[in-house]
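A short reminder: the numbers here are calculations on the coordinates, not readings from a lab. Bear in mind the structure is a predicted one, so any value in this text is a computation, not a measurement. Here the Cβ positions follow ideal geometry from the backbone for every residue, glycine too, while neighbour counts run over all protein chains shown.
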Amino acid sequence: MSLDFMMWGPTWVLYMRDDLGFSFTEIMLFDFFFQTAIVLLEVPTGMFADIVGRRWALRAGAFSLFLAMGMWGAGWNAWWWISIAWAFWAIAATLINGADASLVYETLRADGRGYEFGKVLGRISSLSMLGMVVASVLGGWMAEYGYRVPILVHTALLAFTVFAAFRLREPPRAERLVHATVRNIARSLRALLKRSHRFRYLLAYSALIQVVEIMAVVYQQPLLASLGFPIKQLGVFYAGAILIAAVGPIAMTWASDRFGIARTLGLGALGTTIACLGLFWLPGLMIVVPFLVLRFFADGVRPVTIEGMNRLADPDDRATVLSLRSICISSVAGPMEVLSGWWADRVPIRRVYLVCGALLPLFSAWLGWAWKRHPEPMPKDVKVVPPVPRLGGDPSLHSE
């Protein structure tokens, strides 16, 4: 739970800009580096977990995150120093994400309780969500005493996490896992891209929406601060955004089952567009409303696009779908983020949201046109009981 107790979440951009002196362009370059590192590390860290076990993967991940937070919170604004810190962060993300769920499942299966995996994972997710909400409120309050304080406190908590990770026990695995290789992963990725026109469209759309969400998270803090939003209230707002982001996927998944994937994605693009335009037009602190709307729809369409891609892929390829999505997000997000950062350094931040609001309808119209041009059957989803060990992590981990 302490891994998700991210008290620095509500103010990390302000820390990077005001305390460390980085421009928006540089912040976006760091984020681009982080996402690229995650993509490059997915296969090596997956192989590491397969060879040495989930327990050692979690230990290495917890220690890497401890080092990353300690270096980041040291307050040294050298480019190479922050790059190394975020490299450790990417290593931690890829090692932890997936290994934790796999270890839980293997432990339950060894006790003959594998059928309880969904229930246990749900409890863990609920605790993580509660941890993020509480941490956001506390982090905003701590930031009143300096933007570094939440980072340093989180670093201290991670020391206990490292200790807990070394107390973990891993049951013997009933079967030897097949080690992933770069060649096998590349072959699977090529096969997925050739499989379906609709798969490629969903992949591109998912990446574009993800980019808008990343930019919203980065720019919301300086925009609210510039409008006089109290620093300690940023934590309360951030906690509310986390809860809204949790409701969005549930609502959009329900809409997808009822109205279909294409219409639901169109609704998501429309809602996100309205939110971006509201961030440009609404006066004063009324913009907190479109921020929450943006998180609702941007987070909501993520599981819908992933579900659509899963239906168009084989069940055994679902881990590869997530890897391919990460690669696509990094490829699309990097140039767009850096360009938006360069622009935000020169114009009011609100104009960045105006451009996002203008582009999203074009993306949505393109998806609808492509969807009708290439009619393909959408097979019903087949539920896969737990987990194929994942090869890597979600690049939005650091943004939550």
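Odds and ends about this structure:
- Neighbourhood net charge (12 Å Cβ-Cβ; Lys/Arg +1, Asp/Glu -1) for residue 142: +1
- Theoretical FRET efficiency, 1/(1+(r/R0)^6), r = Cβ-Cβ of residue 194 and residue 19, R0 51 Å, to 0.05: 0.60
- Spacing of the two label points (7 Å from each Cα toward its C-beta) at residue 40 and residue 134, in nm: 3.8
- Cβ crowding within 10 Å averaged over residues, with 25-34, 108-117 ranked highest first: 25-34, 108-117
- Label point 7 Å beyond Cα of residue 366 along Cβ direction - residues of the range 330-346 with amide nitrogen under 19 Å: 330-341
- Pair-distance distribution P(r) for the range 1-169, from all Cα-Cα distances in 10 Å bins starting at 0: 10, 34, 36, 16, 4, 0 percent.
- Computed E for residue 281/residue 346 - FRET, C-beta separation, R0 30 angstrom, nearest 0.05: 0.90
- For the range 206-315, the ratio of Cα radius of gyration to the globular rule of thumb 2.2 N^0.38 Å stands at 1.14.
- Residues whose placed amide H lies under 5 Å from that of residue 227, excluding near-sequence neighbours: none
- Quarter of the Cα convex hull surface for the range 192-375, i.e. its orientation-mean projected area (nm²): 10.5
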